[in-house]
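Colleague: Sending over a structure as structure tokens; questions will come in a sec.
FYI, it's all coordinate maths here, none of it is from the lab. Treat the numbers as computed from the prediction; the structure is a model and nothing was measured. Counting neighbours? That spans all protein chains shown, and the Cβs are built from the backbone with ideal geometry, glycine included.
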Amino acid sequence: MKKFNFYAGPSILSPYAISQTAEAVNNFAGTGLSLLEISHRSKEFQAVVDETNALVKELLEVPEGYEVLFLGGGASLQFYMAPLNLLKSKASYIDTGTWAHNAIGQAKLVGEVEVVGSSADKNYTYIPKNYTVSPDSDYFHYTSNNTIYGTETLQTPEVSVPLVCDMSSDFMSHPVDVSKYDLIYAGAQKNVGPAGVTIVIVKKDALGQTGRTLPTMLDYQTHVKKGSMFNTPPCLPIYTCLQTLKWYKELGGLKALEKLAVEKSTKLYDEIDRNRLFRGTVATEDRSRMNVCFVMNDEYTELSDQFFEFAKGRGMVGIKGHRSVGGFRASLYNAMPVEGVDALVACMKDFEKSI
């Protein structure tokens, strides 16, 4: 029986990325050494970093004046590292979910934070609208996609201050105008690679302006100067990211990936809306293309465990919702084939017929 991986992260990877990585674990670049033991200072691995950097810039059309970094610590480290490097007096944040809330908490350790909008009042089931960002803010931070609750901001916010964004769970799923941002960061383990590396895109002119002395490892300038090689980088995750990015380019780039994301998410949401057993959990206009959250309709809530077991028996892996919200969550990251969505939709239809 074929299995389909709907886990929210670490997430599904393409067969190409997995097979190429497996080969390199045995014999990296013809060196006779494993990728797991190769020196990060070797010319072979430097070539990996250089090519990965170039592909990030190519696929996202990163303009001049920006640097791409490969760092450890996940997006959770960036919650603190971003304000440490960019917050001079005050920053504005929007609270749209658990990770946005955590980012706000970390920024408050650095300086003044103005929360300009929050959807906590309705358990993060919508994206706040019509908020005002103070023009004297050093930057405005938002989380583009919310894996736990299933909302997504697809349009770049129109504000008069620099933008900072946690794009961890929809990174590389659609085109982005990088020139509007001072900083973009994304944990790779949602859409680009395995856990262990975070991709950071930072505007060089935005750095070194806070007047504070920064710990060496938490200063973006440290990593810019050393080309992400100040300390030993996460070699295997970077290599897998490279294979994923090669695959994305072969597929046709971010416009092609966005078309696939729309196709897959529309199929699943259409079934959720049609099927008498299920309902979506977030505002229709704010539905995520990456993380589709849904529950049983009120009169069928007692069937939740039964559907989960039914779906599991049909090869659906990882569809249980986050423990804080319950229900179901199907993560449709780039590597999820349309076939997987079709299989889940068929599973939902068949379960409905059995009731």
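Colleague: Have a look at the DSSP beta bridges in the chain and tell me what percent are antiparallel, nearest 5.
Modeller: 55
Colleague: Let me ask something else about it. Whole-Å semi-axes of the range 84-178's equivalent ellipsoid, largest first, each the root of 5 times a Cα gyration tensor eigenvalue?
Modeller: Details: eigenvalues 77, 48, 33 Å².
Calculated on Cα positions only, the semi-axes equal 20, 16, 13 Å.
Colleague: Here's a follow-up. How many percent of DSSP beta bridges within the range 141-269 run antiparallel, rounded to 5?
Modeller: In the range 141-269, DSSP labels about 50 percent of beta bridges as antiparallel.
Colleague: Still on this model: Short version: ³J(HN,Hα) in whole Hz for each residue of the range 259-265, in order, from phi by Karplus 6.51 cos²θ - 1.76 cosθ + 1.60 (θ = phi - 60°), x for Gly and Pro, what are they?
Modeller: Values per residue, Gly and Pro as x: 4, 5, 4, 5, 4, 5, 5 Hz.
Colleague: For labels at Lys122 and Ser76 in the simple 7 Å Cα→Cβ model, what's the distance in nm?
Modeller: So the two model labels end up 3.0 nm from each other.
Colleague: Run through the range 49-137 and list the GluC sites (Glu not before Pro) located in a DSSP loop whose Cβ has at most 14 other Cβ atoms within 10 Å.
Modeller: Loop-located and lightly packed - Glu61, Glu64.
Colleague: Here's another thing I want to ask about it. Set the Förster distance to 25 Å, then compute FRET efficiency between Lys226 and Leu109 from the Cβ-Cβ distance, nearest 0.05. Before the final figure, lay out the partial values.
Modeller: On the way: r = 26 Å, r/R0 = 1.04.
Efficiency, from the Cβ-Cβ distance: 0.45.
Colleague: How large is ³J(HN,Hα), in whole Hz, for each residue of the range 289-297 in order, when computed from phi with the Karplus curve 6.51 cos²θ - 1.76 cosθ + 1.60 and θ = phi - 60°, using x for Gly and Pro?
Modeller: Once θ is set to phi - 60°, the couplings for the range 289-297 become 7, 8, 10, 8, 9, 7, 9, 6, 4 Hz.
Colleague: Still on this structure: Is any residue of the range 189-215 close enough, with backbone N under 20 Å, to a label point placed 7 angstrom from the Cα of Ser179 along the Cα-Cβ axis, and if so, which?
Modeller: Once the point is set 7 Å along Cα→Cβ of Ser179, 201-207 turn out to lie under 20 Å by backbone N, inside the range 189-215.
Colleague: Out of the range 49-132, which trypsin sites (Lys or Arg not before Pro) are coil in DSSP terms and have no more than 10 other C-beta atoms within 10 Å?
Modeller: Details: sites: Lys57, Lys88, Lys90, Lys108, Lys122, Lys129; in loops: Lys88, Lys108, Lys129.
Listed in order of number, the matching sites are Lys129.
Colleague: Sticking with this one: Among Val341, Met290, Leu236, whose Cα projects farthest towards the positive end of the dipole of the range 225-355, with charges put on the beta-carbon of Lys, Arg (+1) and Asp, Glu (-1)?
Modeller: So the residue we want is Leu236.
Colleague: If the cut-off is 12 Å between C-alpha atoms, which aspartates and glutamates fall inside it for Lys320, apart from same-chain ones fewer than 8 positions away?
Modeller: Once the sequence-local aspartates and glutamates are set aside, what remains near Lys320 is Asp305, Glu309.
Colleague: Quick one: 3J(HN,Hα) in Hz for the range 73-88, Karplus 6.51/-1.76/1.60 with θ = phi - 60°, rounded, Gly and Pro as x.
Modeller: Using θ = phi - 60°, the values come out as x, x, 4, 4, 5, 5, 4, 9, 5, 4, x, 4, 8, 10, 7, 8 Hz.
Colleague: Using modelled amide H (1.01 Å from N, peptide plane; none on Pro or chain starts), what sits under 5 Å from the amide H of Ser118, excluding residues fewer than 5 places away?
Modeller: Asp95
Colleague: Let me ask another. Find the relative contact order for the range 43-128 and round it to a whole percent, using C-alpha pairs within less than 8 Å whose residues are 6+ positions apart.
Modeller: 23
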